[in-house]
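The values are calculated or read from the model by the stated rules, or taken from the named source; none is laboratory data. Model, not experiment: these values are computed from the prediction. Neighbour counts are summed over all protein chains in view; Cβ atoms, including those assigned to glycine, are modelled from backbone coordinates with ideal geometry.
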Amino acid sequence: MWNEVLEILQRHSRFLITTHSNPDLDALGCELALAEHLRMLGKQVCILNSDPVARPHRFIDPRRRIRVYQPQRHDRLIRQAEVIIVLDASGGWKRVGRIGDILSTVSACSVRIDHHPDPQHFTDVEVVDDGAAATAELIFDLLRASAATITETMACALYVAILTDTGSFRYPKTSPRTHRITAELIELGAKPAELSKLAYNQYSLGLLRLQGHMLDVMQSAGGGRLVWSVLDQDTLRAYGVQESELDNFASFGMQVAGVLVSILCVETPDKRVKVSLRSDATVPVNDLAAEWGGGGHASAAGATVVGELYQVADMVVSRVEALINTHVPGAGTPETGARCG
Ligand SMILES: [Mn+2]
């Protein structure tokens, strides 16, 4: 599975690594681990993302290796790169954010490593395994396949990536392989208690209070099989929270008994709506997200939709209700299908 990628890594010397917009810890951990590996091979490597590392995620990059793309400043560096590596991003170059516009035009060889399927196949080479619980599982495989030294910093980055992308080993794709890899990462120096604390206990008081607000305005629909919340820009401002900090907010609704899909709609500064969908595996939500120009996988997907916040939320709720009815027998019958918002 890795032969072609290994050959590309060996043959070239100037690499650019990037990932999806508003990168999560799987994206960032993979970038850092792969960059360190390439650096140890004597390669030139630059991690360049469209968006800055969100405040609660900064612990993963103590050496500040990850840079934010600035058009004029980095365009030369981008043109000089021989290989562009896109990690953890599906949905075409659009999903990569601002930097995707220029990356889609360069002649460098592009490689995508991901655990989300993408019908667009937008890179020259791709290794996609949607059975992997995190892209970090694939990066670990790649490092093992290249007989790389995995340093403690690399082990920590990959551990945090897997820990968070599996919801602390609770999401459906958590597998024996997930646990075997994390066991090895612990042997290589990753400390679970320390890293869990860094990954999860980083809320500002404002962010925790905003979570309280979101739960307060949460509505139930589809006979209790879905919950949904909206957050507008005024609310984010009032709590002093940025949109990029809302990473796992969409999944809180999944804690409600009987809920199959949790929806979060967040108004963006440019008056669009960022829709995040979480589900248990029985209702795959990625096709809906793809229909709206987004992506993701069966149990976690998202898209940015043009429209007014509450109109978009209404539309999303009714589409998800219909989706639940097609996937869950009996969900559409009057007793269970009634709206109880
Ligand atoms: Mn991921």
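Restricting attention to the range 169-189, the residues that are over 18 Å from CYS30 (Cβ atoms) and at pLDDT below 95 add up to 2. Any chance the range 278-291 includes a residue that's surrounded by 22 or more Cβ atoms within 10 Å (Cβ to Cβ), hydroxyl-bearing (Ser, Thr, Tyr) and not in a loop (DSSP other than H, G, I, E, B)? Yes, the range 278-291 has at least one match.
Restricting the first member to the range 104-124 and to residues that are exposed (fewer than 15 other Cβ atoms within 10 Å of the Cβ), and the second to residues that are in a strand (DSSP E or B) and among the small types (Gly, Ala, Ser), the beta-carbon pairs closer than 8 Å and six or more apart or on different chains are ASP124/SER110.
Number of residues in the range 130-176 that are surrounded by fewer than 19 Cβ atoms within 10 Å (Cβ to Cβ), touching a residue at least 40 places away in the same chain (Cβ under 8 Å) and under 18 Å from the mean Cα position of the chain (by Cα) equals 5. Restricting attention to the range 23-44, the residues that are crowded, with 24+ Cβ neighbours inside 10 Å and not small (Gly, Ala, Ser) add up to 8. Among the residues of the range 15-26, is there at least one that is away from the ligand (no atom under 16 Å from the Cβ) and in contact with a Leu (Cβ under 8 Å, 6 or more places away or on another chain)? Yes.
When the range 9-22 is limited to residues that are in contact with a helix residue (DSSP H, G or I) (Cβ under 6 Å, 6 or more places away or on another chain) and in a loop (DSSP other than H, G, I, E, B), the one that is surrounded by the fewest Cβ atoms within 10 Å (Cβ to Cβ) turns out to be ASN22.
Taking the range 48-65, which residues are away from the ligand (no atom under 16 Å from the Cβ) and either in contact with a helix residue (DSSP H, G or I) (Cβ under 7 Å, 6 or more places away or on another chain) or among the aromatic types (Phe, Trp, Tyr) (or both)? Passing the criteria: LEU48, SER50, ARG55, PRO56, PHE59, ASP61, ARG65. Check the range 4-22 and report whether any residue there is within 17 Å of ALA145 (Cβ to Cβ) and under 15 Å from the mean Cα position of the chain (by Cα). Checked against the condition, which is being within 17 Å of ALA145 (Cβ to Cβ) and under 15 Å from the mean Cα position of the chain (by Cα), the range 4-22 yields no hits at all.
Residues to consider are GLY258, GLY307, GLY295; find the one that is touching a residue at least 24 places away in the same chain (Cβ under 8 Å) and under 19 Å from the mean Cα position of the chain (by Cα). From the options GLY258, GLY307, GLY295, the qualifying one is GLY295.
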